[in-house]
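Read the figures in this text as sums done on the coordinates, not as results from a lab. This one's a predicted model, so the numbers in the text were calculated from it and none came from an experiment. Neighbour counts are summed over all protein chains in view; Cβ atoms, including those assigned to glycine, are modelled from backbone coordinates with ideal geometry.
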Amino acid sequence: MPSHILVIDDDPVQRRLLAGMVEQLGHVAHHAENGRVGLSLLEELGDQVDVILLDLMMPEMSGHAFLEEVAQRGIDTPVIVQTGQGGIETVVHAIQAGAFDFVMKPVSPERLTIALHQAMKVERRHAPWAGERADAGEDIGFASIVSASPAMIRALDLARRAAECDIPVLIEGETGVGKKRLARAIHQESQRAERPFIVVDCAALTPVHAEAILFGRERGLGPAGAPRLSGKFRDAEGGTLLLSDIAALPMTVQAKLLRAVQFGEIEPVNANHPIKVDVRLMVASGRDLIAEVREGRFREDLYYRLSVFPIALSALSRRREDVPALVRRLVQRLGAEYGHGSGQGIDAGALALLTAYDWPGNIRELEATLYRALLLAEGRELTVRHFPEITARTGPIGLRSMAADGMSARLAAATPEVEAETPGRVAVLGAPEAEPRTARSDGLIATLDSTGDVRKLAEIEEDIIRFALKFYRGQMSQVARKLGIGRSTLYRKLKDYGIDPDNPLSSAA
């Protein structure tokens, strides 16, 4: 049975090209020249539309405005947005607004095929919660979450405990840190795993639509009455409902949510009596909810009902130990999904560069950056030149300040210096490749080897001794004193490592 694809693009040539590719793939294409016409077609076609192909830059109603309107109406049909070259910020904004995926113009038939295939797996119209379920065989439990840092290990320990009970969970953290993924993992590891997992973005709700979207609506009186809407609570019956960005929930709706939490019942719009629901509630917030309570923007009684089990997720900049594993996992997944195959890799220099960057957009920005790099890549391995924007933002000063804070020990392995495609040079930290047993002259000692594994303690000690000898100009007493060892111990180590005190940075013969 063919799928129905709604193509929304103000450029008639581009619209016809996309529709032609869609039809060649065996699907039915519906055309709309702008967002408003697209919304009208959605209302007319209803559940027939399986996927929406949306141009972001359009007159009358832009793609971003269309995404906001779709979210407010509670429509969860997967949307694939089109964007020009570059513009990662635009893509991130679209994903935040609810887009399922994005393609770069001009889109190739191969890329469009993959994007449509991924979107149609969601099958939202057959099961309201299907968009939050993994593909068959995909691990979406706790094992799928990278947790090399102490902060993530603590968060996962709390999450495992949360999965064993049925009380509300509050997940706090910056945008893009993985709050939704952690919530889904808790659901997947709980007794409700076989039931729906529904996500509602409260920031996309308006006071006019929020109540009906959450709690449902019975059909209004008269021929022009509003149609019936089940509401997200009833869609999530027996499963889990995640309210993302809970701080943005209109105050008028917070009282009704409190009733749902307290008594396990909701009252749909136009209903004459409340309805019992069996739903496990989780909420996520990028803002400090206590501060929102103090400012009078969030109900205090609701806060204490929702924060029974709080879990805090740190920003990616505060858990750099997680970055190398995240990068490798994302490169493998994105490479396989977008036609590069499962053998796509990343070299040590690029890995170190990405680890050194602060990632203000967290994992979401990291994923968008890696996707853009994969578009630029021609070989089987990503290198520093595939990340020009990150290279431009990360300089020697930033890297050295991180090293001073003790962060160099957490960086992935890299070449001593990598020639950037922008003016100047960018120093990246890691194990030198050409002379792996030679100390760095800049005082930055690598703790990871070229494969990303921790180096042996003896190798690191040797590098420190070599550097100290160079730094203190071969003054043995001062070197021993600064290293906290006796001179006899220092001489023994020089012999063991084959270090020439007069030329400490040279490799042993």
* Asked: Mind ordering 348-354, 268-274 by average Cβ neighbours within 10 Å, highest first?
  -> 348-354, 268-274
* How about the range 453-486: which trypsin sites (Lys or Arg not before Pro) there are in a DSSP loop, with at most 12 other Cβ atoms within 10 Å of their Cβ? -> K456, R473
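I'd like the antiparallel share, as a percent to the nearest 5, of DSSP beta bridges with both residues in the range 142-314. Display every interim value, and only then the final one.
Numbers: 3 of 21 bridges.
About 15 percent, rounded to the nearest 5.
Can you give me the convex hull volume of the Cα atoms of the range 143-256, divided per residue and expressed in Å³?
121 Å³
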* Structure fact -> Taking a crude spin-label model, label points 7 Å out from Cα along the C-beta direction, the D358 to E237 distance in nm is 4.9 nm
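Taking only C-alpha pairs under 8 Å that are 6+ residues apart, what is the relative contact order of the range 4-125 in percent?
Numbers: 197 pairs, mean separation 28.1, N = 122.
Rounded, it is 23 percent for the range 4-125.
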* Per residue of the range 35-48, in order, report the coupling 6.51 cos²θ - 1.76 cosθ + 1.60 (Karplus, θ = phi - 60°) as ³J(HN,Hα) in whole Hz, putting x for Gly and Pro. => x, 5, 5, x, 5, 4, 5, 4, 5, 6, 7, x, 6, 5
* Asked: Using the Kirkwood formula over every pair of different C-alpha atoms, what hydrodynamic radius in Å results for the range 4-125?
  -> 14.0 Å
* Asked: Hey, what's the Kirkwood Rh for the range 180-332 if you take every pair of different alpha carbons, in angstrom?
  -> 17.1 Å
* Full-extension gain in nm, L25 to E295, via 0.36 nm per residue minus C-alpha separation -> 91.8 nm
* Asked: Which peptide among 208-214, 169-175, 100-106, 42-48 comes first, and what is the full order, when sorted by highest mean count of other Cβ atoms within 10 Å?
  -> 169-175, 208-214, 100-106, 42-48
* Simple spin-label estimate for Q262 and R393 in nanometres, 7 Å along Cα-Cβ -> 4.5 nm
* So how do 288-295, 189-196, 31-38 stack up, highest first, on mean other-Cβ count within 10 Å? -> 31-38, 189-196, 288-295
